[in-house]
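Since the structure comes first, as structure tokens, the remarks are kept for the end.
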Ligand code: UDP
Ligand code: MG
């Protein structure tokens, strides 16, 4: 069977260390080489609640608290308690971005990848690897829906429904 590219959506987060190291422009430039389109973006202060949802697969790990300190930016102080969250769309977006990002462990990542070039392991053993990117269609959908409301995204990428709450109509995920 011929390898056919398929449109994918991926959630990308520039973690607090990317902001601390002033890497935003650099990383966006590297990502732009994949010829994808940004369809949503915002700066978020990471709550414990969303961190536990986003990293649900690591919530029971003994290092989760240290991971939260890093992911929320608390490690770096109030000026850096934020992340840049984006949704990218395009052919094989998930695969392409994972490749540009590199392996999870920055010490094992190819040095020309984002994580290989800019990541480190901190004193508590947490892999500060600068960028998050979804690893499958399923996790992308899950992550996009936890970080964004339908109206935050300029395209209709997943089904929505309209709910009536008292006099207000808001759009939520169907
Ligand atoms: N992480 C860590 N130590 C570990 C596993 C994970 O510090 O042993 C951190 C690291 O920052 C990683 C994030 O938790 O990026 C999420 O882990 P996951 O296994 O989902 O890797 P990713 O999808 O980010 O490559
Ligand atoms: Mg992951």
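Could you go through segment 6-20 and let me know if any residue there is within 15 Å of ligand 1 (Cβ to nearest atom), surrounded by 16 or more Cβ atoms within 10 Å (Cβ to Cβ) and part of a loop (DSSP other than H, G, I, E, B).
Yes: segment 6-20 contains one or more residues that are within 15 Å of ligand 1 (Cβ to nearest atom), surrounded by 16 or more Cβ atoms within 10 Å (Cβ to Cβ) and part of a loop (DSSP other than H, G, I, E, B).
Looking at the structure I just gave you, is residue 4 at pLDDT below 95 and either within 16 Å of ligand 2 (Cβ to nearest atom) or more than 25 Å from residue 145 (Cβ to Cβ) (or both)?
Yes: the conditions hold for residue 4.
Suppose we keep only residues that are within 16 Å of ligand 2 (Cβ to nearest atom) and surrounded by fewer than 21 Cβ atoms within 10 Å (Cβ to Cβ) within segment 87-99. Which one would you say is nearest to residue 42 (Cα to Cα)?
Looking at residues that are within 16 Å of ligand 2 (Cβ to nearest atom) and surrounded by fewer than 21 Cβ atoms within 10 Å (Cβ to Cβ), I get 98.
Kindly evaluate residue 30 against the criterion of being surrounded by 11 or more Cβ atoms within 10 Å (Cβ to Cβ), within 16 Å of the chain's Cα centre (by Cα) and farther than 24 Å from residue 20 by Cβ.
So residue 30 fails the test.
Looking at 117, 109, which is the one that is closer than 16 Å to residue 27 by Cβ and either near ligand 1 (Cβ under 9 Å from one of its atoms) or assigned to a helix (DSSP H, G or I) (or both)?
So the residue among 117, 109 that is closer than 16 Å to residue 27 by Cβ and either near ligand 1 (Cβ under 9 Å from one of its atoms) or assigned to a helix (DSSP H, G or I) (or both) is 117.
Would you point out the residue of segment 143-157, among those that are closer than 22 Å to residue 83 by Cβ and without any contact (Cβ under 8 Å) to a residue 60 or more places away in the chain, that is nearest to ligand 1 (Cβ to nearest atom)?
145
Could you check segment 36-56 and list, in sequence order, the residues that are under 15 Å from the mean Cα position of the chain (by Cα) and either within 16 Å of ligand 2 (Cβ to nearest atom) or in a helix (DSSP H, G or I) (or both)?
Scanning segment 36-56 gives 46, 50, 51, 52, 53, 54, 55, 56.
Would a scan of segment 45-60 turn up a residue that is within 18 Å of residue 135 (Cα to Cα), away from ligand 1 (no atom under 15 Å from the Cβ) and touching a residue at least 40 places away in the same chain (Cβ under 8 Å)?
The answer is no, given that none of the residues of segment 45-60 is within 18 Å of residue 135 (Cα to Cα), away from ligand 1 (no atom under 15 Å from the Cβ) and touching a residue at least 40 places away in the same chain (Cβ under 8 Å).
Answer yes or no as to whether residue 67 is more than 16 Å from ligand 2 (Cβ to nearest atom) and either in a loop (DSSP other than H, G, I, E, B) or in contact with a helix residue (DSSP H, G or I) (Cβ under 8 Å, 6 or more places away or on another chain) (or both).
No: the conditions fail for residue 67.
Could you run through segment 120-142 and say how many residues are away from ligand 2 (no atom under 14 Å from the Cβ) and either surrounded by fewer than 16 Cβ atoms within 10 Å (Cβ to Cβ) or without any contact (Cβ under 8 Å) to a residue 24 or more places away in the chain (or both)?
Qualifying residue count for the region: 6.
The values are calculated or read from the model by the stated rules, or taken from the named source; none is laboratory data. Being a predicted model, the structure only gives us computed values, none of them experimental. Cβ sites come from the backbone with ideal geometry, for glycine too, and all protein chains shown count toward neighbours.
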